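Working notes, structure below.
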């Protein structure tokens, strides 16, 4: 007998006392919890996102679409990055105001190469206001998962308000589980030493979020 | 006996398997309670997390409804576990993964070692995983010539310190910063990049030393090993919740990813994650959301590992499922909230529990996964004051006190249980003879009222002559407690005298 059959057989015998129950799953689990917490306007939701991101030590900037290239150029200059990694689908115009050398997100680049990159600029799929979370789904404007992990400085651009939702349930509705997903709430952090929070053990130590309105 | 009980303590010194030869809880706890540094470290940690957690939970007004939904999702999943396991296997396979089934620890370890060997590698990087600790994977791999590097900062501290984890969430919680600095200075060099010159004990410097030490390993790793917090049957998606980014490193940089996951970690639908992604971070690290959550469904071309293996682990879980009272322990999402509120854990520390699952949840999970035949497992249901704080904070409403009492009864009385899928009749545990004798005597006395009355009167009238401590086998019990004072008069006599016809309404005194 294979272990598969053995385990499934044990499960069935273990449940011999349980009455048969064919209630459809949707009815078996009542969901009386909230779809979102609080009653906020669109602008208030964006404001909450900014607050919660900052509370977890992400650096938050706000600008209009026409101002975005200048903001990105300034952030790269302040950081003094010698190179910037750009996913293939990121709008070229966003980097129009900077001459920091670009590095492409290539499948064959090694982790060592990524480790030498100064900064990475990406978009996101959705942002969750109540938890201060950015979700990346590896779409062409976000690139492979590792590019937002190995470099030490991540600039993430969020279109507001259309990419912002209030809550975790609303975010899951918008996401496709077939894509690889990375949820990011502030920079990498650890509290393993006497519960003192320290940023950046393994991931980017600096996370900058630019909230861009159509303006 | 499951393979997990043969976990090897020596090995490469990580000692992360089950803890063979551990003294029973009372003895281990006695030593821990006398360790001032340990108690100080623990008290600081548990009180800090406890206060933060209460605040994080208070932020969501629907906590009770989320908790109830979490409980119901898990209960529903467990009662149809066979169906969901088959569905999960189908979804993972369709997404490009390979599913393996492991009935016990030995089989899981063999599968993982074989998979690593097939890649031609002799090193793996690991993201912290309770399941792989439970089965003693690191030691088993080492026996096959494969080095497993723990990459969570706390796990690194534990591994370098040749120590054992003592908390589910913060495994090195029993160590303070200067202890950690000493471990890094003396041990890092023999595992890879040494600690920087002049390393101080500030957390930032210690974290930086760990970053440099581990980055070397991440960048060259070809095989990653993980557990998972959730597996979605409907979509085949696996979820790992973490803070440092070492999880993302292990899940995305290697060419091969092997995930060892207990069969109870399934949720039926994608939507179910909306409950647990709200309750888990707030209950465990007391955050609105943990810094990183990775979700992957099979493999993705040119993004992350090219090969993904899921090892579904039983190792006592189906035996636990067979227990009508105890099966609720399988709802556990490993948040560790119950540890942080437990007065016993706070004083005794995690090591005293003698397994990778310490605290209240460990006290009910370990004796069910491993059986109650060993001394430590038979003692665990007693490692509690039954105060109920653990039940209050549990985000999936596991009634831990109920299971503790149920397991105590099993230890004392014996009875029928399922071990490795088979019915076994347990004999009453040794060392509880006095308890059983007392219960038998009580049963007899209560069915013989005249004898009870005589005995009570005799006890009351001789109260001045009675010792403060018990003689013989009762000495240990009364060594730490005062004997209850006997009343001057048995209650039954008092009632008879004051509340029945002929007695005064107010009583005599």
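None of the figures in this text is laboratory data; all of them are computed from the coordinates on show. None of these values were measured; they are calculated from a predicted model. No Cβ is skipped: glycine too gets one built from the backbone with ideal geometry, and neighbour counts run over all protein chains shown.
Using only the Cα atoms of region A:64-215, build the gyration tensor, take square roots of its eigenvalues as a ≥ b ≥ c, and label the shape rounded, prolate or oblate: rounded if a/c is under 1.5, else prolate if a/b is larger than b/c, else oblate.
Numbers: a/c = 1.37, a/b = 1.08, b/c = 1.27.
The shape class here is rounded.
Relative contact order for region B:140-185 using alpha-carbon pairs under 8 Å, separation at least 6, rounded to a whole percent?
Working: 31 pairs, mean separation 12.9, N = 46.
Relative contact order comes out at 28 percent.
Let me know the mean shielding of A:200-210 by other chains, meaning the per-residue number of their Cβ atoms within 10 Å of its Cβ.
Numbers: counts 6, 16, 19, 11, 1, 4, 0, 1, 0, 0, 0.
Average per residue, whole number: 5.
I'd like the distance separating the alpha-carbon centroids of region A:61-96 and region B:159-187, in whole Å.
Their Cα centres are 41 Å away from one another.
Report the dimensions of region B:413-481 along its three principal axes from the alpha-carbon atoms, largest first, rounded to Å.
Each principal axis gives a Cα extent; for region B:413-481 these are 56, 32, 15 Å.
Under 1.5 on a/c is rounded, so check that first for region B:34-191, then, if it is not, pick prolate when a/b is larger than b/c and oblate when it is not; a ≥ b ≥ c are the square roots of the alpha carbon gyration tensor eigenvalues. Write down the numbers at each step before the final one.
Values: a/c = 2.59, a/b = 1.06, b/c = 2.43.
Taking the square roots of the gyration eigenvalues as a ≥ b ≥ c, region B:34-191 is oblate.
Whole number please: convex hull volume per residue of the Cα set in the protein assembly as shown, in Å³? Walk me through the numbers before you get to the answer.
Values: hull volume 136.6 nm³, N = 724.
That works out to 189 Å³ per residue.
Among DSSP beta bridges whose residues both lie in chain A, state the antiparallel percentage, nearest 5.
Numbers: 8 of 32 bridges.
Around 25 percent antiparallel, to the nearest 5.
Using only the alpha-carbon atoms of region B:197-251, report the extent along each of the three principal axes, biggest first, to the nearest angstrom.
Projected onto its principal axes, the Cα set of region B:197-251 covers 52, 24, 11 Å.
With runs of 4+ DSSP H residues as the only contributors, calculate the mean residue ellipticity of chain B at 222 nm using -39,500 (n - 2.57) per run, divided by the residue total and rounded to the nearest 500. Before the final figure, lay out the partial values.
Values: 23 runs with 243 residues, N = 509.
Helices in chain B give a 222 nm mean residue ellipticity of -14500 deg cm²/dmol.
Can you tell me the FRET efficiency between residue A:214 and residue B:119 if r is taken as the Cβ-Cβ distance and R0 is 60 Å, rounded to the nearest 0.05?
Numbers: r = 49 Å, r/R0 = 0.82.
Once rounded, the FRET efficiency stands at 0.75.
Using 10 Å bins from zero, what percent of all Cα-Cα pairs in region B:206-316 falls into each bin?
13, 41, 35, 10, 0
Would you mind giving the three semi-axes, in whole Å and largest first, of the ellipsoid equivalent to region B:337-492 according to its Cα gyration tensor?
Numbers: eigenvalues 235, 84, 46 Å².
So the three semi-axes of region B:337-492 are 34, 20, 15 Å.
Could you state the orientation-averaged shadow area of the convex hull built on the Cα atoms of region A:76-117, in nm² to one decimal?
Computed as one quarter of the Cα hull surface, the answer is 3.2 nm².
Using a ≥ b ≥ c from the Cα gyration tensor of region B:321-384 (square roots of the eigenvalues), is it rounded, prolate or oblate, where a/c under 1.5 gives rounded and otherwise the larger of a/b and b/c decides, a/b for prolate? Kindly include the intermediate steps, with their values, before the conclusion.
Details: a/c = 2.06, a/b = 1.21, b/c = 1.70.
Because a/c hits 1.5 or more and a/b fails to exceed b/c, region B:321-384 counts as oblate.
Could you give the semi-axes, largest first, of the ellipsoid that matches region B:85-178, computed as the square roots of 5 times the alpha carbon gyration tensor eigenvalues and rounded to whole Å? Write out the running numbers ahead of the final one.
Details: eigenvalues 153, 56, 29 Å².
Working through the eigenvalues yields semi-axes of 28, 17, 12 Å.
For all pairs of alpha-carbon atoms in region B:272-379, what percent lies in each bin of width 10 Å, listed from the first bin to the last filled one?
Bins of 10 Å from zero give 12, 31, 35, 18, 4, 0 percent of pairs.
Take the Cα gyration tensor of chain B, multiply each eigenvalue by 5, square-root it, and list the three semi-axes largest first, rounded to whole angstrom. Show your work: numbers first, answer last.
Values: eigenvalues 438, 136, 99 Å².
Semi-axes, largest first: 47, 26, 22 Å.
In the protein assembly as shown, what % of DSSP beta bridges are antiparallel (nearest 5)?
Details: 27 of 75 bridges.
Bridges in the protein assembly as shown that DSSP calls antiparallel: roughly 35 percent.
Give me the one-decimal nm value for the distance between modelled label points at residue A:196 and residue B:182, 7 Å along each residue's Cα-to-Cβ direction.
According to this spin-label approximation, the distance is 1.8 nm.
Could you please state, rounded to a whole Å, how far the C-alpha centre of region B:371-446 is from the C-alpha centre of region A:145-205?
So the separation of the two Cα centres works out to 44 Å.
So what's the angle, to the nearest 10 degrees on a 0 to 90 scale, between helix A:68-79 and the longest Cα principal axis of chain A?
80
What residues from region B:424-449 fall in the zone where the backbone N is under 18 Å from a label point 7 Å along the Cα-to-C-beta line of residue B:405?
Taking a point 7 Å out along Cα→Cβ of residue B:405, the residues of region B:424-449 whose backbone N falls under 18 Å are B:439.
Using 0.36 nm per residue, how much length does the chain from residue A:19 to residue A:91 gain when fully extended, once their Cα-Cα distance is taken away? Let's see the in-between values first.
Values: separation 72, 0.36 × 72 = 25.92 nm, distance 5.72 nm.
Stretched out fully, the residue A:19 to residue A:91 stretch lengthens by 20.2 nm.
Output the relative contact order of chain B, whole-number percent, from Cα pairs under 8 angstrom with separation of 6+ residues.
19
Considering the Cα positions of region A:119-186, please state its Rg to one decimal place and its Dmax as a whole number of Å.
11.3, 31
Expressed as an acute angle from 0 to 90° and rounded to the nearest 10, what is the orientation of the C-alpha long axis of helix B:433-446 relative to the principal long axis of chain B?
40
Which value in deg cm²/dmol, rounded to the nearest 500, describes the helix-derived mean residue ellipticity at 222 nm for chain A, given -39,500 (n - 2.57) per DSSP H run of n ≥ 4 and division by the residue count?
On the way: 6 runs with 54 residues, N = 215.
Rounded to the nearest 500, the figure is -7000 deg cm²/dmol.
For B:308-315, what's the mean count of beta carbons from other chains sitting within 10 Å of each residue's beta carbon? Could the numbers behind the result be given before it?
Details: counts 0, 0, 0, 0, 3, 1, 6, 0.
Partner Cβ neighbours, averaged per residue: 1.
How big is the gap, in Å, between the Cα center of region B:122-141 and the Cα center of region B:261-326?
About 17 Å separates the Cα centre of region B:122-141 from the one of region B:261-326.
Taking only C-alpha pairs under 8 Å that are 6+ residues apart, what is the relative contact order of chain A in percent?
Details: 383 pairs, mean separation 53.6, N = 215.
Computed over chain A, the figure is 25 percent.
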